[in-house]
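Reviewing the structure listed below.
Values quoted throughout were computed directly from the atomic coordinates according to the rules given, and no laboratory measurement underlies them. Computed from a predicted structure; not experimentally measured. Cβ coordinates were reconstructed from backbone atoms using ideal geometry, including for glycine residues, and neighbour counts include every protein chain displayed.
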Amino acid sequence: MISIIVATDDNLLIGKKDSANGMPWNVPEDSKHFKETTVGKTILMGLTTYQAIGRPLPNRKTIVVSFDKFEDERVEVRYDLKEVIQEYREKGEDLYISGGASIYQQSLPLVDQLLISRIPGTHTGETYFPDFSEYGFQLVEEKPFQTFTLQVYRKG
């Protein structure tokens, strides 16, 4: 299954430039959920998100999609997002798209599900998850955690 995995606040905020991890918050329970969901799987992110993290995440295959020439022997660098998504769909392998905003926007028409960790409240930052109402996603599950609520959306 091809999934977007993201944490947002009430206003769909996802990023803050001057923070330690590129995110406007530090919610350990959500980080644990992300890890448990993606460990042993393939995650895909854009170059800006990868640079904000600063390294590949352990025990995951990391694909970095970039429009610019980029080399890092620790990750697989690709230049065509749609091509990667199609490859994983054809292989029947899970792919978790994990940022940033531009990659999310380009992926929305192509993914099967959204895994959205809703961090309560409004936070400060400048990067937002795109509106996804026009892509036919329907909320199929809400799972409450202590510090966030996981919403699972699938194409109807």
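For a straight C-alpha distance cut-off of 18 angstrom, the aspartates and glutamates reachable from K17 (same-chain residues fewer than eight places away being disregarded) are D9, E126. Taken one residue at a time, the phi angles of the range 51-58 give Karplus couplings (6.51, -1.76, 1.60, θ = phi - 60°) of 5, 5, 6, x, 6, x, 7, x Hz. Gly and Pro are set to x. Only one item in (1) 43, 34, 26; (2) 38, 37, 27; (3) 66, 34, 27 matches Cα extents along the principal axes in Å derived from the coordinates shown, and that item is (2).
In summary, the lysines within cross-link reach of K69, defined as a Cα separation below 22 angstrom excluding same-chain residues under 8 places away, comprise K61, K82.
Each peptide in 88-98, 135-145 gets a packing score, the mean of other Cβ atoms within 10 Å over its residues, and the list from highest to lowest is 88-98, 135-145. For the chain, the 222 nm mean residue ellipticity estimated from helices alone, with every DSSP H stretch of n ≥ 4 adding -39500 (n - 2.57) and the total spread over all residues, rounds to -6500 deg cm²/dmol.
The alpha-carbon of K143 sits under 22 angstrom from the alpha-carbons of these lysines, leaving out residues fewer than 8 places away in its chain: K32, K35, K41, K155.
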